[in-house]
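Some notes on the structure that comes next.
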There are 2 protein chains.
Amino acid sequence: MAKQARAIHTRRLILEAAGEVFDEFGYESATIAEILGRAGVTKGALYFHFASKEELARGVLGEALTTEGVLPQESRLQEWVDVGMVLAHRLPAEPLLSAAIRLSADRKARDLFGTSWPGWIEFIARQLTEAKEQGELLPHVDAERTAMLFVSSWTGVEILATAHPEGESLEQRIALLYDMFLPSVAVPGALRMLDTAPDRGARVWRAHRAQSEEAEAAASV
Amino acid sequence: MAKQARAIHTRRLILEAAGEVFDEFGYESATIAEILGRAGVTKGALYFHFASKEELARGVLGEALTTEGVLPQESRLQEWVDVGMVLAHRLPAEPLLSAAIRLSADRKARDLFGTSWPGWIEFIARQLTEAKEQGELLPHVDAERTAMLFVSSWTGVEILATAHPEGESLEQRIALLYDMFLPSVAVPGALRMLDTAPDRGARVWRAHRAQSEEAEAAASV
């Protein structure tokens, strides 16, 4: 691996370990020693990338606003569905993503670093504004308020799904959330075309992975 | 005050102080000393009611499932709206209620005491089942899943409203949540009759207080 690629890889290893530890212990009780142990890197390597626990938390939050895997669609509402469904699919397997929610919900961490929610609300408000311009939204719908309410609800669904995993999967619950919101915001013609099946996130994510692998294979030839 | 009334009053003072402290510091960092200081009661009085911090947390959670203030309505859907709107009205002024959410969302506290969410989901599922029997719900609506999704969303809205109080009030946000859910679950005839104005909770709560005071005055004559 080239030097730069190795540095990016190490940084990622450290962030993933930090995500796991913040997620399990909360911000206050998380220690650099625990993160070091899980990342399997040297103390020097960790401090080269992150000078403190605070910087680690900022790093984790910085990774949280990701729409990786969401492919462009003709319908902006379908893209909105895909963002939430892909995240619901990825989150249970990626501690970096769930750690960002845990840090945002933690009062002390929040006071230090803020939360990733305003970024999400802004992003989804933009999607909904574009959907409105394309005629997909009912005329009375306020994109900003709907985005705020959606991000709030998505977060609550994730928190209860984690607290009570004996019920439905996060993907099933988020699919139901879209089925609840959509009839109140979408024009009937747009509504009919949307795919909100619980496995939508998994299918979109697989298609994205296949595309990425093809691109990598093409680049290495 | 009679001896029993005084004991109830003291217990309430302690729980309210515990709610404040759990809410501010989280479960781990909360101390009995801090709770004692805020309650303004003796150590003996506190330990008479609660043997440990664990018991205090259980006491706080026990107070969380409250529908106080919700008056019977012809429409079960209106009662459902009233439960969520009265709580949205009361919560910002009652640390005991917000502390219960904080304890439920706290991974360590949750492992020890469970959460108040299953109780809430069960209560609202019952309301929605009765609404269905009265013909207020669309035929495809599943009362349990809708209740689970609603309690999740309500919780997320509260968490984001606390994290970002610069936006709309909790009452405005919860009113919007009902406006989002209701068209997807209620038959049009029932929907038209519902009052989901942001000040609904305040009005219902005032009516309940007035009734209670009248009843107390009548009893003391």
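Residues of the range A:36-67 with amide nitrogen under 18 Å from the 7 Å Cα-to-Cβ point of residue A:126?
Only A:62-67 fall inside the zone, counting backbone N under 18 Å.
Select the chain A residue whose beta carbon lies nearest to the rotation axis carrying chain A onto chain B, and write the distance in whole Å.
Result for the A and B rotation: A:156, 1.
How many Cβ atoms of partner chains, on average, are near each residue of A:146-152 if near means within 10 Å of its Cβ?
Values: counts 2, 0, 8, 11, 3, 3, 14.
Mean number of neighbouring Cβ atoms from other chains: 6.
Among the lysines, which fall within straight-line cross-link reach of residue B:108, defined as a Cα-Cα distance under 18 Å, with same-chain neighbours fewer than 8 residues apart omitted?
By straight Cα distance, residue B:108 reaches A:108, B:53.
Return the inverse of the average 1/r over all pairs of distinct C-alpha atoms in the range A:2-62, which is the Kirkwood hydrodynamic radius, in Å to one decimal.
Working: mean 1/r = 0.0880 Å⁻¹.
Averaging 1/r across every pair of different Cα atoms and inverting gives 11.4 Å.
Can you give me the angle between helix A:76-90 and the longest principal axis of chain A, using Cα atoms only, in degrees from 0 to 90, rounded to the nearest 10?
Result, in degrees: 40.
Step through the residues of the range A:119-127 one at a time and calculate ³J(HN,Hα) from phi using the Karplus curve (6.51 cos²θ - 1.76 cosθ + 1.60, θ = phi - 60°), rounding each to whole Hz and writing x for Gly and Pro.
Those phi angles translate into x, 5, 4, 4, 4, 6, 4, 5, 4 Hz.
Lysines near residue A:3 by alpha-carbon distance under 20 Å, same-chain residues fewer than 8 away left out - which ones?
A:43
In Å and whole numbers, how far do the C-alpha atoms of the range B:69-221 stretch along each principal axis, longest first?
Answer, in whole Å and largest first: 50, 43, 32 Å.
Given Cβ point charges of +1 (Lys, Arg) and -1 (Asp, Glu) and nothing else, what value in debye, to the nearest 20, does the dipole of chain B about its Cα centre take? Write out the running numbers ahead of the final one.
On the way: 23 positive and 32 negative charges, 112 e Å.
It works out to roughly 540 debye.
If you put a point 7 Å past Cα along the Cβ direction, how far is that point for residue A:130 from the same point in each other copy, in nm, smallest first?
4.6
Suppose every K and R has +1 on its Cβ and every D and E has -1 on its Cβ; what is the size of the dipole of the protein assembly as shown about the Cα centre, in Debye to the nearest 20?
Working: 46 positive and 64 negative charges, 192 e Å.
Dipole about the Cα centre, nearest 20: 920 debye.
Expressed as an acute angle from 0 to 90° and rounded to the nearest 10, what is the orientation of the C-alpha long axis of helix B:143-163 relative to the principal long axis of chain B?
60
Let me test this: with uniform point scatterers at the alpha carbons of the protein assembly as shown, what is the Debye-based log₁₀ I(q)/I(0) at q = 0.09 1/Å?
One equal scatterer on each Cα of the protein assembly as shown leads to -0.65.
Ignoring everything except DSSP H segments at least 4 long, calculate the 222 nm mean residue ellipticity for chain A; use -39,500 (n - 2.57) per segment, divide by total residues, nearest 500.
Working: 12 runs with 166 residues, N = 221.
Calculated from helices alone, the mean residue ellipticity at 222 nm is -24000 deg cm²/dmol.
For the range B:152-221, with only Lys/Arg (+1) and Asp/Glu (-1) charged at the beta-carbon, what is the dipole magnitude about the Cα centre, in debye rounded to 20? If you can, show how the numbers build up before the last one.
Details: 6 positive and 10 negative charges, 44 e Å.
Dipole of the range B:152-221, to the nearest 20 debye: 220 debye.
Can you tell me the FRET efficiency between residue B:108 and residue A:221 if r is taken as the Cβ-Cβ distance and R0 is 35 Å, rounded to the nearest 0.05? Before the final figure, lay out the partial values.
On the way: r = 52 Å, r/R0 = 1.47.
That pair, residue B:108 with residue A:221, gives E of 0.10.
Could I get the Rg over Rh figure for the range A:1-109? Both from C-alpha atoms, Rh via Kirkwood, rounded to two places.
On the way: Rg = 15.5 Å, Rh = 14.9 Å.
On the Cα set of the range A:1-109, Rg over Rh gives 1.04.
What angle, in degrees between 0 and 90 and rounded to the nearest 10, separates the Cα long axis of helix A:170-185 from the longest principal axis of the Cα atoms of chain A?
Roughly 40 degrees, rounded to the nearest 10.
With r as the distance between the Cβ atoms of residue B:138 and residue B:68 and R0 = 22 Å, compute the FRET efficiency 1/(1 + (r/R0)^6) and round to 0.05. Numbers along the way, then the final one.
Working: r = 30 Å, r/R0 = 1.37.
FRET efficiency, residue B:68 to residue B:138: 0.15.
Which distances in nm, rounded to one decimal and ordered from shortest, link the label point of residue A:221 to the equivalent label points in the other identical copies, with labels set 7 Å from Cα toward Cβ?
Counterpart label points of residue A:221 in the remaining copies fall at 9.4 nm.
From the Cα gyration tensor of the range A:133-221, with a ≥ b ≥ c the square roots of its eigenvalues, which class applies: rounded if a/c is under 1.5, or else prolate if a/b is larger than b/c, or else oblate? The partial results should precede the final answer.
Working: a/c = 2.27, a/b = 1.32, b/c = 1.72.
Because a/c hits 1.5 or more and a/b fails to exceed b/c, the range A:133-221 counts as oblate.
Any read-out appearing in this document is the output of simple, stated calculations on the displayed coordinates, not a laboratory observation. What you see is a predicted model; the values in this text were computed from it and never measured. Here the Cβ is made from the backbone with ideal geometry for all residues, glycine too, and neighbour counts use every protein chain on show.
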